[in-house]
Amino acid sequence: MTVLGALARMDVDSSELPELRDIEINDAVDGALLALLIQHRLIGLAARAIETGELNVSNETAEAIVDRHDMDMAATLRIEVMMLRVAELLETESIRLRVLKGSALAHTVATTPSDRSFRDVDVLVRSSDIDQTVAVLEAAGASRLQPELRPGFDRRFAKSVTMRLADVEIDVHRTLAPGPFGLTIFPDDLFLLAGTFAVAGRTLPTLDRTDHLLHACYHAALGSQTPAMTNLRDIALLAAGDVDLDRINDAVERWEGQAVMGRAVELVRESLGDVLPPALCLYTLSSEDRSSLAPYLRDGDRFPALAGASLRALPASSRAAYALAVGLPVGTNPVDRVKVLSRRYKNL
Amino acid sequence: MTTYVRVPAVERALVGERVLVLRLDQDTPIELAGSAPTVWSVLEDVSELPEIIQVVASIYTDTPEVIAAGVEEALRHLIDANLVVEQP
C-alpha cells in the first residue's frame, strides 16, 4: 500500500518519491489502514502525521489511530521502565551490555521517541556473560521461557535467551540473529564501540550507529518473511545518518553476511523505494545468496531447516555438541522432543 | 524557598499536546493535558516557582496573573499525581 511506504519514508530524504500528503486515501484504504499500521508498527508515525495534517483519513480512523497510539505508548513506557531495571541489575554485577533495537532506536534514531513503539526489552551481553546474566535476572524474579537445551548451549550457540519479568519479555541476546548467519557473527565486535542514550536521567549504553545499522539489516533480513515496515524504516533512517560504510563492509565480510545485506537492501528498496545511499545498494543477491537465506524464509516452522543450516555453518569441532543439544535436549523424551524443539527454534 | 522536583519517570508525547508519564516505581502511566505538560517540561530545568512562571511566561502571551494561576494549578495537579515533590 503506497501510504505505508510514504509513512515509513517520513523524515528520510526521498524527494523523487510521492509524499504522504499527496497520496489520496479512498474509503477502502481508510477502512484497512488501522490494521496495517498495527501490523507494520507505524501507528506512531501515523499519529504524528495526523497531527501535522500530512495524513488525511476519516475522523473515525484518525480517532482509532490516536487511541491506539495512546495504548502503545503506555505499553512502551512500561517496557522502558523494565529496561532501566534490567540495565541497573546487570551494571550492578559489572556485566557489560548494549541496549538493542526498540528503546535505543526510539531515542537515538527516530525523529521523536513517540514515533516508535516496541514490545520487549532487548539487551546484548557477551557470550561469556550470558549465563551470569540469566542468573542475575532469575534472582530478580525473571523466568526463562524455555530451559537451556543442554549446559553450555546458550553461551556457545543460542541467539538469545527469552525471559519474562512482571509480564514484560526480556530478550538477552548473545548474537544478532538465529541460525547460521547468527553463528558466523563475531558478537564481541559489537562491544568495541558504543553509543549512549538517556532515559529518566540515566545514560544507557547501546550500539554505535554503524553497528545499529548492521543489526537493523540482520533483523529485517532474517527475522521473518515479511518484516514490519518500521524495521525497514530503521534501516533507511540509520543509513541516512553518519555511518562508517567501510566498517560495514569489513564486518559483512568478516561475518559472512553478504546475503543478509543483499536481502535487507532489496526489502528496503521494494517497500520504501530508492532511499538508501548508493554504496549500500551495491549489496545485491546472487542465486547462491538466495539459497543460503532459504532456511529463514520457509513457511511455517523453520526450526528444522535452520538447525540443519546451523550445523553446516559450525566448525567440525562444535557440531557434535550442537547436534546433541538440538537433537536430544536435557529433560525431554523422544515423544515430546519434536514439540519442544519447535517452540525453541527462536533460540537457535 | 520552596522547590518543585520531578520524580524519576519515563515519558512520551501524545497527539494533542498531551504527555504520558510513568514513574519508575509505578505500573500505570498518568496522562498530562492542558498546562501540565508545559510545567512538567519546564521542571526539567528549573525548580523554583518564580523561575517556572518566568519560563512559562516566555512561551505564552497570557497576562502574568493568568500564567501564575495556571502554573500553580498545574503544579498542584503534578503533586497530587505524585509526579512532582514539593521541597521546603
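Only the coordinates and a few stated rules stand behind these numbers; no lab work does. Not measured: the values here are computed from a predicted model. Here the Cβ is made from the backbone with ideal geometry for all residues, glycine too, and neighbour counts use every protein chain on show.
To the nearest ten degrees, helix B:49-59 and the longest principal axis of the Cα atoms of chain B are 80 degrees apart. Averaging Cα coordinates gives a centre for segment A:113-177 and one for segment A:16-35; these two points are 38 Å apart.
Using alpha-carbon positions, what is the distance between the centroids of segment B:66-88 and segment A:194-233, in Å? Cα centroid to Cα centroid, the span is 38 Å. Considering only A:215, A:318, A:197, the residue lying farthest towards the positive end of the dipole of the protein assembly as shown is A:318, judged by Cα position with unit charges set on Cβ.
Magnitude of the charge dipole for segment A:171-318, about its Cα centre and with charges confined to Cβ atoms of Lys, Arg (+1) and Asp, Glu (-1), is about 360 debye. About its Cα centre, segment B:3-87 has a charge dipole of approximately 220 debye under the convention of +1 per Lys or Arg Cβ and -1 per Asp or Glu Cβ, with nothing else charged.
To the nearest 500 deg cm²/dmol, what mean residue ellipticity at 222 nm is calculated for chain B from DSSP H runs of n ≥ 4 alone, each contributing -39,500 (n - 2.57), summed and divided by the residues? Dividing the helical sum by the residues of chain B leaves -12000 deg cm²/dmol. Distance between the pseudo-spin-label points of residue A:246 and residue B:81 (7 Å out from Cα toward the beta carbon): 5.0 nm. Highest mean packing comes first when the peptides B:55-63, A:302-310 are listed by Cβ atoms within 10 Å, giving A:302-310, B:55-63. Taken residue by residue and averaged, Cβ atoms of other chains lying within 10 Å of the Cβ of B:19-26 number 4.
Roughly what % antiparallel, to the nearest 5, for the DSSP beta bridges in chain A? Let's see the in-between values first.
On the way: 16 of 21 bridges.
Here the share of antiparallel DSSP bridges comes out near 75 percent.
For peptide B:4-15, the mean count of partner chain Cβ atoms within 10 Å of a residue's Cβ comes to 6.
Tell me what chain A gives for mean residue ellipticity at 222 nm when only DSSP H runs of n ≥ 4 count, each as -39,500 (n - 2.57), the sum divided by the residue total, rounded to 500 deg cm²/dmol. Please report the intermediate quantities before stating the final value.
Working: 16 runs with 184 residues, N = 348.
The helix-only estimate for chain A comes to -16000 deg cm²/dmol at 222 nm.
Computed over segment A:2-347, the Cα gyration tensor eigenvalues convert (square root of 5λ each) into semi-axes of 33, 24, 20 Å, ordered from largest to smallest.
The orientation-averaged projection of the convex hull spanning the C-alpha atoms of segment A:276-328 amounts to 5.5 square nanometres.
Which longest uninterrupted range of chain A lacks any GluC sites (Glu not before Pro) assigned by DSSP to a loop state (not H, G, I, E or B) and surrounded by at most 15 other Cβ atoms within 10 Å?
A:94-255
Reported value for segment A:124-184: 78 Å³ per residue, from the convex hull of its C-alpha atoms.
Length gained on full extension, residue A:138 to residue A:16, computed as 0.36 nm times the residue gap minus the Cα-Cα distance: 38.8 nm.
Counting only other chain Cβ atoms within 10 Å of each residue's Cβ, the peptide A:75-88 averages 3. With the convex hull of the Cα atoms taken as the outline of segment B:1-52, the averaged projected area works out to 3.9 nm².
The GNM of chain A, with springs linking C-alpha atoms under 10 angstrom apart, assigns the highest mean-square fluctuation among A:175, A:210, A:61 to A:61.
Give the shape of chain B as rounded, prolate or oblate, defined through the alpha-carbon gyration tensor: a ≥ b ≥ c are the square roots of its eigenvalues, a/c under 1.5 means rounded, and otherwise the shape is prolate if a/b is larger than b/c and oblate if not. Verdict is oblate for chain B.
Which order do the peptides B:12-23, A:224-235 come out in when sorted by mean C-beta neighbours inside 10 angstrom, highest first?
A:224-235, B:12-23
Sorting B:37-45, A:5-13 by average packing, meaning the other beta carbons within 10 Å per residue, from highest down gives A:5-13, B:37-45.
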